[in-house]
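Contents: one structure, followed by commentary.
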Amino acid sequence: MPKLEMVTFSGDPSEFWGFMNNHEASVASKTIDSQTKLTYLIQNCKGEARESIVDWVLLQPDEGYRRAIDILRTQFGQPHVICHSLLGKVFNRPQIKPNDGVALSSLARVMRKCQITV
């Protein structure tokens, strides 16, 4: 099988569960130590998400990894936070002009993601 591509997460709640599912498949489910899992988790987070968890390396690896996952879930993975992010992507966009198939397709993708996620 081809090697799984590591997904990065910048803190957009609408991308949280996709990132976590990728992390679970490519890192968390592997028989590697917690320090390595935490290192991968931090490396694959950017911006606000990374800032939220980077200091957990100061704890014992098992506790640091567990707390980092908990922080990410609390800040970015709660249903109301994800819904707010997705609805923002539906309603805070330019008005679709007549015959703008690209914009309509983009809106349809966001709405499909809302349906799947919620």
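The values are calculated or read from the model by the stated rules, or taken from the named source; none is laboratory data. Keep in mind the model is a prediction, meaning the values are calculated, not measured. Quick reminder, even Gly has a Cβ in these numbers, built from the backbone with ideal geometry, and neighbours come from all protein chains shown.
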*asked:* Among the residues of the range 17-34, are any in contact with a strand residue (DSSP E or B) (Cβ under 7 Å, 6 or more places away or on another chain) and surrounded by 16 or more Cβ atoms within 10 Å (Cβ to Cβ)?
replied: yes
*Does the range 91-105 contain any residue that is in contact (Cβ under 8 Å) with a residue 40 or more places away in the chain, under 21 Å from residue 15 (Cβ atoms), in contact with a helix residue (DSSP H, G or I) (Cβ under 8 Å, 6 or more places away or on another chain) and not assigned by TED's automatic domain parsing to the domain that holds residue 19?*
no
*Scan (1) assigned by TED's automatic domain parsing to the domain that holds residue 67; (2) farther than 21 Å from residue 78 by Cβ for the single condition residue 5 breaks and write down its number.*
(1)
*Look at the range 47-65 and say how many of its residues are closer than 18 Å to residue 21 by Cβ and not aliphatic (A, V, I, L, M).*
1
*asked:* Can you name every one of the helices (runs of 4 or more DSSP H) wholly within the range 1-104 that holds 3 or more residues which are under 20 Å from residue 116 (Cα atoms) and more than 11 Å from the chain's Cα centre (by Cα)?
replied: 79-91
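Quick check, is residue 82 touching a residue at least 40 places away in the same chain (Cβ under 8 Å), closer than 30 Å to residue 3 by Cβ and of a type outside the set (Asp, Glu)? Show your work before the answer.
Details: touching a residue at least 40 places away in the same chain (Cβ under 8 Å): yes; closer than 30 Å to residue 3 by Cβ: yes; of a type outside the set (Asp, Glu): yes.
The answer is yes for residue 82.
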_Search result, residues across the range 73-97 that are within 19 Å of residue 27 (Cβ to Cβ) and either among the small types (Gly, Ala, Ser) or touching a Gly at 6+ places or on another chain (Cβ under 9 Å) (or both)_ = 76, 77
